[in-house]
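What follows is one structure encoded as structure tokens, with my remarks underneath.
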Amino acid sequence: MRVSRRLFAVLAAVLCLLAAPSCPAQAAELFGVRQDGREIAAGDIAGWKLVYFGYTNCPDICPISLQSMGQALDVLGPVGERITPVFVTVDPERDTPGVVAEYVGYFHPRMVGLSPHPDQLATLAAQWRVKYARVELKDKNSYSVDHTAAIFLADPSGAIVGRYPHDLDGGALAERIRASMLAR
């Protein structure tokens with residue numbers, strides 16, 4: 001009798017794991033100041049969103065991730081046209097809307113750049129489960145920002161349905177996005 005209860009518990013746990021989505025579908029909003037200087041409100045970016053949190057002074061990870069996002073949207077063709085790429089800065093002190101506008105222009109013509117206010121950034125980070133921290137460098141006038149390096153896919157309801165590694169190339173990212181969208 002004891003073995004069958006233990007076996008039942010193990011089977012129940014396995015079934016729960018199999019039924020659980022690979023990425024918890026939590027609701028997440030986007031807000032802040034767009035690259036054109038307009039304040040964005042909840043729901044202003046409708047439809048599917050491919051979102052990356054980073055900063056414009058990032059030496060390598062951020063530009064590579066944003067390049068992969070742009071390439072993935074192009075590889076996806078008509079499906080990619082249904083997705084809005086979004087860059088959210090984790091360094092609003094330096095990344096003004098003008099700076100963000102120039103930066104996102106390098107990666108995709110439809111990319112939306114957001115500079116949240118510091119209190120908005122804390123809320124966004126909590127909703128998207130993103131971590132960020134300012135790191136002072138030896139040069140007292142300089143700093144970097146450590147941050148979560150993941151690319152997120154949110155469905156039209158705002159549910160996060162995909163979280164992808166930053167180091168995927170455009171083709172591999174496109175495959176993951178397509179699979180996540182088909183699973184919906």
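Amide H to amide H, with H built 1.01 Å from N, His166 comes under 5 Å of Ile151, counting only residues 5 or more places away or on other chains.
Note down, for segment 85-141, the three equivalent ellipsoid semi-axes (square root of 5 times each alpha carbon gyration tensor eigenvalue), biggest first, whole angstrom.
20, 17, 10
Over all projection directions, the Cα-based convex hull of segment 73-117 averages an area of 3.3 nm².
What percentage of the solvent-accessible surface of segment 113-184, computed with a 1.4 Å probe over protein heavy atoms, is contributed by carbon and sulfur atoms? Could the numbers behind the result be given before it?
On the way: 1970 of 3840 Å².
It is 51 percent, rounded to a whole number.
Its residues counted as N, segment 119-166 yields a C-alpha radius of gyration over 2.2 N^0.38 Å of 1.46.
Counting Lys and Arg as +1 and Asp and Glu as -1 over every other residue whose Cβ lies under 15 Å from the Cβ of Ala172, the net charge comes to -1.
A simple rule links phi to the HN-Hα coupling: the Karplus curve 6.51 cos²θ - 1.76 cosθ + 1.60 with θ = phi - 60°, which for segment 174-184 gives 4, 4, 5, 4, 4, 5, 5, 5, 5, 6, 7 Hz, with x for Gly and Pro.
Please compute the net charge surrounding Val100, taking Lys and Arg as +1 and Asp and Glu as -1 over other residues with Cβ under 15 Å from its Cβ. Please report the intermediate quantities before stating the final value.
On the way: positive: Arg34, Arg38, Arg94, Arg110; negative: Asp36, Glu39, Asp91, Glu93, Asp95, Glu102.
Its environment carries a net charge of -2.
Subtract the Cα-Cα distance of Tyr143 and Thr96 from 0.36 nm times their separation in residues, and report this length gain in nm to one decimal. Don't jump to the answer; show the numbers that get you there.
Details: separation 47, 0.36 × 47 = 16.92 nm, distance 1.62 nm.
Stretched fully, the Tyr143-Thr96 segment lengthens by 15.3 nm.
Gyration tensor analysis over the Cα atoms of segment 64-184 returns equivalent ellipsoid semi-axes of 26, 16, 14 Å (largest first, whole Å).
Hey, can you find the accessible area per residue of segment 58-184 for me, probe 1.4 Å, expressed in square angstrom? Kindly include the intermediate steps, with their values, before the conclusion.
Values: 6220 Å² over 127 residues.
So segment 58-184 comes to 49 Å² accessible per residue, rounded to a whole number.
The values are calculated or read from the model by the stated rules, or taken from the named source; none is laboratory data. If you're wondering where the values come from, they're calculated on a predicted model, not measured in any experiment. Neighbour counts are summed over all protein chains in view; Cβ atoms, including those assigned to glycine, are modelled from backbone coordinates with ideal geometry. Surface accessibility is based on the protein's heavy atoms, side chains included, excluding ligands, DNA and RNA. Shrake-Rupley method; radii C 1.70, N 1.55, O 1.52, S 1.80 Å.
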